[in-house]
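Report on the structure given below.
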Amino acid sequence: MLFYLLQVILLQFVFLLFYYWFLRKETFFQWNRIYLIATSLLSFIIPLLRLGWMTRNQEWTERLEPVIIGSNNLKTSLQQQVEMNYNQPLLWIYVTGLVFFTMLFLVKLYKIFSLIQKHKTIKKSGYTMVLLSGEKEVFSFLHYIFIDEQLFRNKDLPIIKHELVHLKEKHWLDLLFFELLKIVFWFNPLLWLYQREMQLLHEFIADKTVLRNRSLTDYFNQILQETFQVRKVSFVNQFYQPKLLKKRIMMQKRNPSKHGAKIKYVAFAFILFGLMSLVDACKNEALSDTENIITADELKNMDAENIASINVTKNPDKIIIKTKNGEEKVYYPTKEDPVVNRLDKKINNNADDDDEEKAFRYVEVPPVYKGCEGLQGQEAKDCFSKKIQKFIAKNFRTDLADGLKLKGQEVKILTMFTFDKEGKVTNIKARSKYDILADEAKRVIALLPQVTPGQQDGKPVKVTYTLPIIFKVEK
């Protein structure tokens, strides 16, 4: 998640940089409005994309969480990890910020609707005037125009026409969109810049519309002659903002941009294409400069029981091995070095599949255990693992330890099995110091209920799993 958020912020920085350098001074206000909305959305979407020309063929094999038999007080590493995640300080900091900015937004919203209840309103065709008494300010939100009653009586002021442009163009939707993004991603200062630029564009659009029937000098002179109050609410369109007034005047004095300047938007399309490729490449090569590269001998000597997952990538070919303590080790194999098979032999006791069709150990859509339907990603994996754990722990005969003199000992049983195209368990293998425990593991696994089969390229396939069973006998 952290890497994803960093990509989002980096993309927004690049998009804003392009806007400031090439688009901000152009008079294509509506085009720029679309640009700001589109790029803010794209910054969240692009990091999630997997591009066909850049995506490497990835194959994943993950062990199921160990089944611990013989002690009710033990917790799996997965359960411990979940509990630790809830105690992470960063999570609490984020939630605190989220609650604070949500409450701030609701308070401001409440104050705006309170004005509607407290002051006189006049319904017009398509909008409602809210006449403020003693508050010399003008702003619009939703289908309401909030205006000081004295200013409303001055028919010569172009204020209402200006605010009607905001309502007609639904500018409040743009500001509300960025306000909600600011609440959820309150730690990202770039969203404040996005909203500020959008506010400025709204004023450019409204000014341009009013100036079609009014001179520039008269229009801004009338504004400068009045004294306005400013409401500190970022998601409403305020008629008068001192910090923006000079920019509004300068922009309206500019000559309209030539149509040839629209080539900049075409140039942005090429930049966007490059950014998408770059982000996709970064996802495959993240932290490559800090890779913990190991040799073939180090790989052979690795403890298979300490391996949590194996990620095999192609172009370039490399094996990323994640250990249970969170370390990542990278091995670059040669063509003559079948590393994945070598790792499987450690677990499978050098046994080979007799099936003519090799089972997938790495599958796009994994099998689904009954009761886990509708879940996706890590949730689906966790549910599948827990269901298997519960079933085996319930059906494993713990009384077998009586004749083995195992009190106070911990025995590990390494198992491997396959769910076929129909979701039935097959090809069960087990290895242990004690044959009777290995046989019992095979018996219990054979009882596993039928699951929804895994899929590769939309077709049902065989999927292989490895499962460590820890048989612990208390003193």
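The values are calculated or read from the model by the stated rules, or taken from the named source; none is laboratory data. Note that the coordinates shown come from a computational prediction; the quantities given were computed from them, not determined experimentally. Don't worry about glycine lacking a Cβ; one is built from the backbone with ideal geometry, like all the others, and counts go over all protein chains shown.
Among the residues here, Thr27 qualifies as among the hydroxyl-bearing types (Ser, Thr, Tyr), on the phi < 0 side of the Ramachandran plot and not in a helix (DSSP H, G or I).
Of all residues in segment 114-128, which are assigned to a strand (DSSP E or B) and under 41 Å from the mean Cα position of the chain (by Cα)? Working first, answer last.
Of the residues in segment 114-128, the ones assigned to a strand (DSSP E or B) are 120-124, 127-128.
Matches in segment 114-128: Tyr127, Thr128.
Residue count for segment 1-24, restricted to those that are part of a helix (DSSP H, G or I), in contact (Cβ under 8 Å) with a residue 40 or more places away in the chain and in contact with an Asp or Glu (Cβ under 9 Å, 6 or more places away or on another chain): 2.
Summed over segment 30-45, residues that are crowded, with 19+ Cβ neighbours inside 10 Å and of a type outside the set (Lys, Arg) total 6. Out of Lys111, Lys182, which single residue is closer than 30 Å to Leu42 by Cα, of a type in the set (Lys, Arg) and in a helix (DSSP H, G or I)? Residue meeting the stated conditions: Lys182.
Considering only residues in segment 398-432 that are of a type in the set (Lys, Arg) and modelled with pLDDT of 85 or more, the one that is nearest to Val444 (Cα to Cα) turns out to be Lys429.
Only one residue in Leu131, Leu167 is of a type in the set (A, V, I, L, M, F, W, C) and either modelled with pLDDT under 85 or assigned to a helix (DSSP H, G or I) (or both). Which one?
Only one candidate passes the filter, namely Leu167.
Scanning segment 198-228 for residues that are among the acidic types (Asp, Glu) and more than 16 Å from His166 (Cβ to Cβ) yields a count of 2. Within segment 241-254, one or more residues are at pLDDT 80 or above and outside any helix (DSSP H, G or I). Selection of segment 88-115 for residues being within 28 Å of Arg231 (Cα to Cα) and among the polar types (S, T, N, Q) yields Thr96, Thr102, Ser114.
Give the residues of segment 436-475 that are in a loop (DSSP other than H, G, I, E, B) and touching a residue at least 24 places away in the same chain (Cβ under 8 Å), sorted by residue number. If you could, list the steps in order and put the result at the bottom.
At the first step, the residues of segment 436-475 found to be in a loop (DSSP other than H, G, I, E, B) are 447-451, 453, 457-458, 462, 473-475.
Scanning segment 436-475 gives Leu447, Leu448, Pro449, Gln450, Val451, Pro453, Asp457, Lys462, Val473, Glu474, Lys475.
Exactly one residue out of Lys386, Lys370, Lys394, Lys329 is surrounded by 18 or more Cβ atoms within 10 Å (Cβ to Cβ), at pLDDT 75 or above, of a type outside the set (Phe, Trp, Tyr) and out of contact with any helix residue (DSSP H, G or I) (no Cβ under 7 Å at 6 or more places or on another chain), and it is Lys386. Got at least one residue in segment 124-142 being under 18 Å from Pro158 (Cα atoms), touching a strand residue (DSSP E or B) at 6+ places or on another chain (Cβ under 9 Å) and of a type in the set (Gly, Ala, Ser)? Within segment 124-142, one or more residues are under 18 Å from Pro158 (Cα atoms), touching a strand residue (DSSP E or B) at 6+ places or on another chain (Cβ under 9 Å) and of a type in the set (Gly, Ala, Ser). Within segment 118-127, one or more residues are surrounded by fewer than 20 Cβ atoms within 10 Å (Cβ to Cβ) and either among the aromatic types (Phe, Trp, Tyr) or closer than 25 Å to Phe220 by Cα (or both).
Inside segment 215-229, residues that are assigned to a loop (DSSP other than H, G, I, E, B) and modelled with pLDDT under 80 make up a count of 4. Of all residues in segment 186-204, those being part of a loop (DSSP other than H, G, I, E, B) and in contact (Cβ under 8 Å) with a residue 24 or more places away in the chain number 3.
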